[in-house]
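Undergrad: To start, I am sharing the structure in question, which I have written as structure tokens.
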Amino acid sequence: MTSEPEQQLGVGTQDAFQRLWTPHRMAYIQGENKPSGPGADDGCPFCSIPAKSDEDGLIVRRGEQVYAVLNLYPYNGGHLMTVPYRHVADYTDLTDAETAELAELTKQAMTALRTASGAHGFNIGMNQGTVAGAGIAAHLHQHIVPRWGGDTNFMPVVGHTKVLPQLLGDTRKMLAEAWPAA
């Protein structure tokens, strides 16, 4: 049994598309919580997150130099970032200890994501500078995006919308429980 599309007056030209509204994305689009400048005291979210509880900050693991946190605007469910505590923009400015722990937490994140969600692969990387696509260029962060065979569909391509199967708080808890012992 099929139903006729419901006509919605005042929302544009009627067509055959159903609408999936994602108003929470406006915060990202409008730059909410983006730093006002390059300094650590310019509202950097990566500097303020560690002061929060793990649950409130969506922190999955804390190391000595680096922490792992869920991305508020994920490309896929389980999208993590490894972030140095120190406010530093460029990868070449990391200390040897920060570089080593960034790499170790990335490996542990991959293990946790495979354990918790059966990820088949990963996109791992960092954008250095605004021109390279860094949303927050003043504070280095590395993305760990889990991927599964067949995880791409029409929604991101046609609808510019990502459908996530789980609330971020639930994902944080699941990954924290699956994190390997150090």
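Undergrad: State whether the residues of the stretch 112-133 include one that is more than 28 Å from Asp170 (Cβ to Cβ), at pLDDT below 90 and not in a helix (DSSP H, G or I).
TA: The answer is yes, given that some residue of the stretch 112-133 is more than 28 Å from Asp170 (Cβ to Cβ), at pLDDT below 90 and not in a helix (DSSP H, G or I).
Undergrad: I've got another one for you. Kindly check whether there is at least one residue in the stretch 134-154 that is assigned to a helix (DSSP H, G or I) and either within 18 Å of the chain's Cα centre (by Cα) or at pLDDT below 95 (or both).
TA: Scanning the stretch 134-154, I find at least one residue that is assigned to a helix (DSSP H, G or I) and either within 18 Å of the chain's Cα centre (by Cα) or at pLDDT below 95 (or both), so the answer is yes.
Undergrad: Is one or more of the residues making up the stretch 31-43 of a type in the set (Lys, Arg), under 28 Å from Arg147 (Cα atoms), under 15 Å from the mean Cα position of the chain (by Cα) and modelled with pLDDT of 95 or more? Talk me through it step by step, then tell me what you get.
TA: Keep residues of the stretch 31-43 that are of a type in the set (Lys, Arg), which gives 34.
Applying the additional criterion that residues be under 28 Å from Arg147 (Cα atoms) yields 34.
Keeping just the survivors that are under 15 Å from the mean Cα position of the chain (by Cα) gives 34.
Next, only the ones that are modelled with pLDDT of 95 or more stay: none.
No, the stretch 31-43 contains no residue that is of a type in the set (Lys, Arg), under 28 Å from Arg147 (Cα atoms), under 15 Å from the mean Cα position of the chain (by Cα) and modelled with pLDDT of 95 or more.
Undergrad: I'd like to verify a number: residues in the stretch 88-114 that are touching a Pro at 6+ places or on another chain (Cβ under 8 Å) and open to solvent by less than 10 Å² (accessible area, probe 1.4 Å), how many?
TA: Total satisfying the criteria: 4.
Undergrad: Hey, among the residues in the stretch 69-79 that are in contact (Cβ under 8 Å) with a residue 60 or more places away in the chain and aliphatic (A, V, I, L, M), which one's farthest from Gly121 (Cα to Cα)?
TA: Ranking the qualifying residues of the stretch 69-79, first place goes to Leu72.
Undergrad: Given the conditions (1) at pLDDT 95 or above; (2) under 15 Å from the mean Cα position of the chain (by Cα); (3) loosely packed, with under 15 Cβ neighbours inside 10 Å, which single one is not true for Val163?
TA: Just one mismatch for Val163, condition (1).
The values are calculated or read from the model by the stated rules, or taken from the named source; none is laboratory data. No experiment lies behind these values; they were computed from the predicted model shown. Quick reminder, even Gly has a Cβ in these numbers, built from the backbone with ideal geometry, and neighbours come from all protein chains shown. What goes into the accessible areas is simple: the full protein's heavy atoms, side chains included, and nothing from ligands, DNA or RNA. Shrake-Rupley method; radii C 1.70, N 1.55, O 1.52, S 1.80 Å.
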